[in-house]
Structure formats: structure tokens, C-alpha cells
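Data first, discussion second: the structure below is written as C-alpha cells.
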Amino acid sequence: MQCKTALIDSNFIPNIKELQLSGHMKIIFALLSSLGLFCTIAPAHAGDLEDAARAYNGLGFQLLAQCRQSLPKTNYFLSPAGLAFALSMAQNGAQGETLRQIMATLQVGNIPLAQLNQANKALLGHLSKLDPKIKLEIANALWIDQKITIKPDFISVNRRDYDADVANGNF
């Protein structure tokens, strides 16, 4: 089995009927269904959690459609939640146009960053406890060039909400 990754074209909107007819719906349903299952938990901002889940599902469909277009007849393993967590962690240090582009890619609308972090924290907790027979460990981390000073607040929020290590590296 050959697996490849592809970049997202943020202007690409997938044709859901085409996905259903092609048989790929079963594959992505398994990957995306875990995002829909967590809507029964009740964090402080349940609406934000549901909005984030909906956005990440849309991101997953976009990514799959782009992969199918760019690399036809190739097998894919996609983690919309994994991509969303990585971008959300980076978003905590973004400003201006970069922040706007990350929010647009995540499709999270106007969910305030602190509330999105809390929704992601709830999602991470839920995904880790879906089945007591399965131990799922999600490892989040950010490595930043050693020439850059990492702000303590950036480290703090990513550790607290994503259980992520944040460290400098020699790139």
C-alpha cells in the first residue's frame, strides 16, 4: 500500500455526491465519525465544540477531495483532527494575516481562540476515552527554531490545552 500526503487548496470544495458514488465515503466515514461522536459531552461552550467538529469534518472532506484530485489511485490515511490540532496549536502564536489564514483553513469562523482551545482539549479527552478496551495516546508537540525565543504563554497554553511539548530545535 502506498500512502502520500498532499497540501490543501483552500479554494477547493469537494463534491460530496462524487465521494459517495466513488466508494470513498466508507473510508472517510470511519476517519471522521470519531469527530461526530464527541458532541454528547458538555464543556463550558458546547456550541463551540460542535462548531469545531463540523469545521474539522469539512476540513477532512476538503483534504480527501484534494488528495484524490492530486494523487489519483492512491491510498490515503487522513487525520482531520490531527491536522486541526496542529494548526490550532500553531494558531496560538500567530497574528495578523497568518492567524486569519489558519482560521480560514480550520473553518472555525469566529470562535474565540481561548474557546477553540477548550473545545480541542475536550475533543482530545473524548477521543482518548472512546473505547475502554483501546488505549489511544495522542502525542502533540511543536519544535521551533532555536534562534527564536518561545514566549512562556505560548508554551503554557499548548501544554495545558493540547498536552503538547514545545521546544526549540536546531534546524
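Restricting the search to region 66-93, which residues are within 16 Å of the chain's Cα centre (by Cα) and of a type in the set (Gly, Ala, Ser)?
79, 81, 82, 84, 86, 88, 90
Just one of 144, 148, 155 is out of contact with any Ser or Thr (no Cβ under 8 Å at 6 or more places or on another chain), exposed (fewer than 15 other Cβ atoms within 10 Å of the Cβ) and free of Cβ contacts under 8 Å to residues at least 60 places away in the same chain; which is it?
148
Only one residue in 30, 65, 81 is among the small types (Gly, Ala, Ser), over 16 Å from residue 120 (Cα atoms), modelled with pLDDT under 90 and in a helix (DSSP H, G or I), so which one is that?
Among 30, 65, 81, only 30 is among the small types (Gly, Ala, Ser), over 16 Å from residue 120 (Cα atoms), modelled with pLDDT under 90 and in a helix (DSSP H, G or I).
Given the criteria small (Gly, Ala, Ser), out of contact with any His (no Cβ under 9 Å at 6 or more places or on another chain) and farther than 12 Å from residue 162 by Cβ, does residue 93 qualify?
Working: small (Gly, Ala, Ser): yes; out of contact with any His (no Cβ under 9 Å at 6 or more places or on another chain): yes; farther than 12 Å from residue 162 by Cβ: yes.
Yes.
The values are calculated or read from the model by the stated rules, or taken from the named source; none is laboratory data. All values reported here derive from a predicted model rather than from experimental measurement. Neighbour counts are summed over all protein chains in view; Cβ atoms, including those assigned to glycine, are modelled from backbone coordinates with ideal geometry.
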